[in-house]
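Below: the structure, in structure tokens.
Throughout, read-outs are computed from the coordinates displayed, never taken from laboratory work. All values derive from a computational prediction rather than experimental measurement. Note that each Cβ is placed from the backbone with ideal geometry, even for glycine, and that neighbours are counted across all protein chains shown.
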Amino acid sequence: MMQNKSTEIIVGMFVAAGIAALFMLAMKVSNLGDFTDEAGYQVTAEFENIGGLKVRAPVTMAGVRVGRVSSINLDPTTYNAEVTINMYSQFDNIPYDTSASIYTAGLLGEQYIGLVAGAEEEFLQDGDVIDLTQPALVLEQVIGQFLYSKAEGEE
Amino acid sequence: MINLIRSLGRWGLGTFERLGRGHLFLLHILAGIPGLFLRFSLVIQQVYSVGVLSLLIILISGLFVGMVLGLQGYNTLVDFGAEESLGVLVSLSLVRELGPVVSALLFAGRAGSALTAEIGLMKSTEQLSGMEMMAVDPIRRVIAPRFMAGLISMPLLAAIFSAVGIIGAFLVGHGLLGVDDGAFWSQMQAKTDFYDDIMNGVIKSVVFGFVVTWIALFEGHDAIPTSEGVGRATTRTVVHSAFAILGLDFVLTALMFGDE
Amino acid sequence: MPLIKIRDLHFYRGNRAIFEGVNIDIERGKVTAIMGPSGTGKTTLLKLIGGQLRPDKGTIEVDGQNVHKLSRSDLYELRKRMGMLFQSGALLTDLTVYDNVAFPLREHTNLPESMIRDLVLMKLQAVGLRNARNLQPAELSGGMARRVALARAVALEPMMIMYDEPFTGQDPISMGTLVNLIHRMNDAMGLTSIVVSHDVAETAEIADYIYLLSGGKIIEHGSPVQLRRSGSQWVQQFMQGLPDGPVPFHYAGPDFDEDLLKPEEYA
């Protein structure tokens, strides 16, 4: 009976360690911790080209994460990309004329949206549209343009 | 020539027969599982011998695999100036692949072979037969608790393996190679998704636990009841489990991550 | 009415016939022995009676029930009333002697632990191993393991016990103990015993009735005295353990003389 009891205790510790490991993976390793502050307001922005932007990509302002991309659609009339951003509710004082650009984290990193604050007194609210946008830099286009201008210059 | 075809045919028939028996065996086990909840102490006893006793090898292997990943990953990434991504590299490879797969392989070697040997020995010493004659169904009394224990232990062991591996990589990456610890964790958190990566890893380890325990118990129960037969069954458990783990890993990876 | 009635039993293993038309009656309250040379399927017969194997033809009735027509749960109910002593003892190696004897009680009854303790000690006392109750099966000698297994087999107070080769590989003392125990258990508990064995002397000592089995058939049956007086040469050879007789000493083949005159095998 005694042996039975200590077995149970050890098994209990084993199971607890396993669950703790899972918990560590969930909270420390993955982005699950971010889900808690997911509630917020939605704004949309239209981009000419989003490059490699993906759903759930971060949205930052001055490097601070203020939201996430929640969906990406193609506007059927303008053929632009319509990106819906979920802004965290604590950032409720973002000027109305804020501009959005798509940047790349590092040379090969993932793409994200960077916001640059405007000067308006009015703040962005749920359902608003960010008008000032700058499309993603597509590396091939940039290189193509560079080569083209280089060739022109040599002639 | 005819003989070759004939032996091929015999092999094929034998394989199908074993597969059939294996599945009937599984059904019998599954039928015994509801009854286990009334006698959970049987399962706890087995979680000890299947799970806890595998813990040491899982901890040590996890730590070393993580440390090696840290070293190798750093050496590759530093060429691109991307050593900050070490955390991502380590966490994704561990959580998605190495955690479930390596811990399942270790589990097959440590716990699977022990299960086969134990059941095979119980068969050869007429313990299973004796239980039947005492009107106790050995599959419900002996096999089902071990199956359940394998199913419970495997995901826990895989999670421990991944967690220890990440810690090992962090120790090497931050302590030895000087990767910034903030970047290590934040990059990891940014790129590791709970559902897509961690939960899929957990699903993999549950599937592996299911298959490895099933193979181990079936091989033991189906072993020729001599010491040679049990020895061969133990070898078969490890070999077949390894095949099953690697094959299923491909299938599961294709299903989970194939459309990305 | 006999407790066990076997009629026209046929059983094949692959193409090899183990039993071909065997009829056996086992009377209640008696010790019936089933004897025969090694490999005649004596253990198989016990497994057929216990419902672990299915006959290819014929019926086995235990206490009026056809064993192989019973549903699974009825078969298990019947088995609770059958005890079986395996050759190796078949003790559960991860349990102590005490827990082994308590095993069927814990599995099949809801008795409180104090009552289980009384019953277990009683059974162990009967086989003389009450003070060995905390040993592991690996620490027991072969004879002791069989005695523990016997205590376990009678734990549920069955109506019958099947002994599979109880005397094989025992030293004279434990052999004597086992003979004595089987006899005592049978009389004291009103059991019906079936002893499968090829140890002629010990079996003849306790058996009320003997069936001699060879080549898948019953060669002879009767009380030990009747068998000793049998006119059959085969029965005489078996009962007296003669090296040569109807069962030849030499493996079948060409004559020795013939073989010696055939040098071509070396060529």
Just report the Cα centroid separation between region B:49-98 and region C:1-55, whole Å.
62 Å
If packing is taken as the average count of other Cβ atoms within 10 Å, what order do A:131-143, C:76-88 fall into, highest mean first?
C:76-88, A:131-143
Sort A:80-87, B:72-79, B:35-42 for me by packing, meaning the mean count of neighbouring Cβ atoms within 10 Å per residue, highest on top.
A:80-87, B:72-79, B:35-42
What ranking, highest mean first, results for peptides B:10-19, B:173-182 when packing means the other Cβ atoms within 10 Å averaged over each residue?
B:173-182, B:10-19
Mind checking which aspartates and glutamates have their Cα closer than 15 Å to the Cα of B:LYS204? Skip sequence neighbours fewer than 8 apart in that chain.
B:GLU97, B:ASP196, B:ASP249
What is region B:40-115's relative contact order, in percent, from Cα pairs under 8 angstrom and six or more apart in sequence?
42 percent
In a GNM of chain A with a 10 Å cut-off on Cα contacts, which of A:PHE14, A:PHE91, A:PHE123 has the highest mean-square fluctuation?
A:PHE14
With +1 on each Lys and Arg Cβ and -1 on each Asp and Glu Cβ, how big is the dipole of chain B about its Cα centre, in debye rounded to the nearest 20?
1200 debye
Those aspartates and glutamates that a straight Cα-Cα span of less than 16 Å connects to C:LYS217, excepting residues fewer than 8 apart in one chain
C:ASP8, C:GLU20, C:ASP25, C:ASP56
Distance cut-off 19 Å, Cα to Cα: go down the list C:LYS5/C:LYS69; C:LYS42/C:LYS80; B:LYS123/C:LYS80; C:LYS30/C:LYS69 and report the pairs above it.
C:LYS42/C:LYS80; B:LYS123/C:LYS80; C:LYS30/C:LYS69
Which value, in Å to one decimal place, does the Kirkwood hydrodynamic radius take for region B:49-167 when every pair of different Cα atoms is included?
16.1 Å
Considering only chain C, what is the antiparallel percent among its DSSP beta bridges, to the nearest 5?
55 percent
Restricting to Cα pairs below 8 Å that are 6+ residues apart, what does the relative contact order work out to for chain A? Please round to a whole percent.
24 percent
For region C:63-156, the Kirkwood Rh over every pair of distinct alpha carbons, in Å, works out to 13.9 Å
In whole Å, what three semi-axes, largest first, describe the equivalent ellipsoid of region B:162-205 built from its Cα gyration tensor (square root of 5 times each eigenvalue)?
23, 13, 5
How large is the Kirkwood hydrodynamic radius of region B:2-257, counting all unique pairs of alpha carbons, in Å?
19.7 Å
Separation of alpha-carbon centers, region A:133-155 and region B:33-48, rounded to whole Å
68 Å
Just to be sure I follow: if Rg is taken over the C-alpha atoms of the protein assembly as shown and Rh is the Kirkwood radius over the same atoms, what is Rg/Rh?
1.18
Given the protein assembly as shown, what percent of its DSSP beta bridges are antiparallel, to the nearest 5?
65 percent
State the percent of C-alpha pairs, over all pairs in chain A, separated by a distance greater than 28 angstrom.
42 percent
Calculate the mean, over all residues of peptide B:81-91, of how many other protein chain Cβ atoms lie within 10 angstrom of the residue's Cβ.
2
Quick query: amide H of A:LEU124 versus all other amide H atoms, modeled in the peptide plane; which residues come in under 5 Å with a sequence gap of 5 or more or a different chain?
A:ILE94, A:TYR96
Mean residue ellipticity at 222 nm from the helices of chain C, using -39,500 (n - 2.57) per DSSP H segment of n ≥ 4 over the full residue count, to the nearest 500 deg cm²/dmol?
-10500 deg cm²/dmol
Label-point separation in nm, B:TRP11 to C:ASP208, each point 7 Å along Cα→Cβ:
5.8 nm
For chain C, built as a Gaussian network whose Cα springs stay under 10 Å, the top-fluctuating residue of C:PHE167, C:PHE11, C:PHE249
C:PHE249
Counting all C-alpha pairs of region C:5-143, share separated by more than 21 Å (%)
55 percent
Amide H neighbours of A:MET61 under 5 Å, counting only residues 5+ apart in sequence or on other chains, H built in-plane at 1.01 Å?
A:VAL66, A:LEU115
Points 7 angstrom from Cα along the Cβ direction at A:ARG65 and C:LEU121: gap in nanometres?
6.8 nm
Run the simple label-point estimate for B:PHE243 and A:ARG56 please: 7 Å along Cα→C-beta, distance reported in nm.
3.6 nm
Where q = 0.11, 0.16 Å⁻¹, what log10 of I(q)/I(0) comes from the Debye formula for region A:91-155, counting one point per Cα?
-0.43, -0.68
Hull volume in cubic angstrom per residue (convex hull over the Cα atoms of chain C):
175 Å³
Across B:149-159, the residue-averaged tally of Cβ atoms belonging to other chains within 10 Å stands at 4
Report the dimensions of region B:132-228 along its three principal axes from the alpha-carbon atoms, largest first, rounded to Å.
65, 31, 18
Karplus couplings for region B:69-85 from phi (6.51 cos²θ - 1.76 cosθ + 1.60, θ = phi - 60°), rounded to Hz, Gly and Pro as x?
4, x, 5, 5, x, 4, 4, 6, 5, 5, 4, 9, x, 10, 5, 5, 7
